[in-house]
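Here the structure comes first, spelled out in structure tokens, and everything after it is commentary.
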Amino acid sequence: MNIVNIFVITIQEKYRDIAIYKVVGASRRQIKTIYVIQSIAIGLLGTVFGLICGIGLSKAAEHALGWAGHLSFLSISLPLLIGIGSPVIAGLAASAKTDNVSINILSGGQ
């Protein structure tokens, strides 16, 4: 739920930009696509960084403690799926807020 809140706040901060997109003729779908792609990029970067850090810390702990470990397909694919899937769903949910933006915001109105 926190991810959705972050994307909603991001969209609220970009109301003027969204209004400009609408003025120059961007469709609802095009505007929503911008924010969904942004959420995919954030999810992908966060997931890759998290996996690299997690694998590195895991290997360091194995070495320091003398444990034998291995990486399974599930230990990589599950965090990858969750790490990319949840921001995409959050981006889709938050992008619905772009429909509520009026071009009147550009003239100081709501």
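Among the residues of the range 2-23, which ones are among the charged types (D, E, K, R) and assigned to a helix (DSSP H, G or I)?
We begin by selecting, within the range 2-23, every residue among the charged types (D, E, K, R); these are 13-14, 16-17, 22.
The answer is Glu13, Arg16, Asp17, Lys22.
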- Item | Matching residues, the range 31-52, being farther than 13 Å from Ala90 by Cβ, aliphatic (A, V, I, L, M) and surrounded by 15 or more Cβ atoms within 10 Å (Cβ to Cβ) | Ile31, Ile34, Leu44, Leu51
- Task: Tell me which of these Ala26 doesn't satisfy, since it passes every other one: (1) modelled with pLDDT of 90 or more; (2) part of a helix (DSSP H, G or I).
- Result: (2)
- Message: Cβ-Cβ under 6 Å, sequence separation 6+ or interchain: first residue in the range 1-17 and touching a residue at least 12 places away in the same chain (Cβ under 8 Å), partner surrounded by fewer than 16 Cβ atoms within 10 Å (Cβ to Cβ) and among the β-branched types (Val, Ile, Thr). Which pairs?
- Response: Tyr15/Ile105
- Message: If I filter the range 42-64 for residues that are of a type in the set (Lys, Arg), free of Cβ contacts under 8 Å to residues at least 40 places away in the same chain and either in contact with an Asp or Glu (Cβ under 9 Å, 6 or more places away or on another chain) or in a helix (DSSP H, G or I) (or both), do I get at least one hit?
- Response: yes
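The values are calculated or read from the model by the stated rules, or taken from the named source; none is laboratory data. Predicted model, so just to flag it, every value in this text is computed and none were measured. Using ideal geometry, Cβ is built from the backbone for each residue, glycine included, and neighbour counts are taken over all protein chains shown.
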